[in-house]
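Readers should treat all values here as calculations from the given coordinates under stated rules, not as data from a laboratory. In this text, all values refer to a predicted model and were calculated from it rather than measured experimentally. Note that each Cβ is placed from the backbone with ideal geometry, even for glycine, and that neighbours are counted across all protein chains shown.
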Amino acid sequence: MGAHSTRASQHAMYPKLIACLAALACGSAVAQATQLPPPDAVSLDRLGYMSTFPPVGDQIIDQSNRTKYPQMRWVLQHTREFVPTRNVRRGTGPVSPLRVASRDLDGVTFEDDKGQAVTVKQWLDRTYTDAIVVLHRGRVVYERYANQMRPETPHLLFSVTKSFTGVLAAQLAHEGKIDPDALVTKYVPELAGSAWGDMKVRDVMDMTGAVRYREVYTDPSTEVFPYLYASTLLPAPDGYTGPRTIYDFLKTLKKEGEHGEGFVYRTVHSEVLGWIVSRVTGKHFADVLSERLWSRLGMEEDAYVMVDPVGTPLQGAGLNATARDLARFGEMLRSGGRYNGQQVIDRAVIDDLRRGGDREKFKASGMTFRSGYSYHNQWWVLHNADGAFEASGVHNQFIHVNPGAEMVVVKLSSHPVAGAGFTHPLTLKAFAALAQAVRQQH
């Protein structure tokens, strides 16, 4: 079989994984045409994947079907059983307690885009939610798990990973270890011949750098495919002679347009930013996360991150963590960087994040479902009355921080449709309803 036909067959085998990595919205026509399976029909409790010892027949999930749906629902809670990973250690300190002040928010009601009433419980079902944790003033007011997810289960976060990379980079900039106005090549001279050769670090942090990186999943000649091969997210086809690691792949990308003109969401910027973070700290992303966040926040569980063949972390999409630990992280951000009795991230870093980026430049993204947003330091900033900001990943992953309502929402999901545009409008309404509810009940 030739290389072209091999690529085509692999594309057919891995449609869901490819979609997972797409950070752009699904088009409305695609969304309208999508026929979603009833959530109950694809519940892991009903399907029974990997439930006997050994698993047999249709129970088995392996490399041949791990990216298909609904098998993918199981894989999102078992990522490291399929790809290489590296631990993010929580350290040896005590767990920081999450105080509980439970409230019944199942019946909180809001209207969807069609004007029909939807309860929070119905929204969770409709968006194939695996876990949700809502904090109000630092206390757990609402916590639900489904689809075999448990409080101790790490879940793949997809592009929520980018926001961790962004926070670390912003903190290092505040400490003077990274200069956002410097050229990328000050820290990574290996990129001199690439799109980043004349790009400032700020354009990487805010994704306003001009790089030819197309994510056209029906065209194996576009740049996303060698990224998938280099990161081992897809096996390289027979005869493939391109880059075999993430950093080698980044060196091949060229400039297209002018830096700083507009925001265009590109995962490769997060990988470059991660390279800078590792270069200035001299440490692996997993170790930086452990030292600066996981061990200081009193996390309950280790996290872990996917790595390429030489151990390079996927800092754009590879982090896995529990909902409760993500809630601790979100609460630290809501509290101005302070948590567990210490200043974990400097207040100035949080204040700068909340101010957001250039809203005019954001319009270049074409993300009309995020009207009014900006993007800054790898975070989505809503610019609403509550000053909300969020980390977001495909298949409906969220850390949503609402300072005005003193609320943090962590939502981990396994929605059949990857693109944010399919679910974001409904989820945004749900977040607003939750904010109103915690205010009123308090």
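Between the alpha-carbon centres of segment 121-178 and segment 181-218 there is a gap of 27 Å. About the centre of its Cα atoms, the chain shows a dipole size close to 440 debye [charges on the beta carbon of Lys, Arg (+1) and Asp, Glu (-1) only; nearest 20 debye]. Using every pair of separate Cα atoms, the Kirkwood estimate puts the hydrodynamic radius of the chain at 22.1 angstrom. The relative contact order of the chain comes to 24 percent, based on Cα pairs under 8 Å that sit 6 or more residues apart.
With R₀ fixed at 45 Å, the C-beta to C-beta distance from Asp62 to Lys114 puts the FRET efficiency at about 0.65. With only Cα atoms counted, segment 304-349 has Rg and Dmax values of 13.7, 39 Å.
Partner lysines whose Cα lies under 17 Å from the Cα of Lys251, excluding those fewer than 8 positions away in the same chain, are identified as Lys186, Lys200.
Taking only the C-alpha atoms of segment 268-346, Rg followed by Dmax gives 13.0, 39 Å. Rg over Rh for segment 113-205 works out to 1.19, using Cα positions for both radii and the Kirkwood form for Rh. Spatial offset of segment 106-120 relative to segment 51-91 amounts to 34 Å, using the alpha carbon center of each.
The distance separating the Cα centre of segment 245-262 from that of segment 415-442 comes to 34 Å.
Taking all pairs of different Cα atoms in segment 252-406, averaging 1/r and flipping that mean, what Kirkwood radius in angstroms comes out? Don't skip to the end; give the middle numbers.
Details: mean 1/r = 0.0589 Å⁻¹.
Kirkwood hydrodynamic radius for segment 252-406: 17.0 Å.
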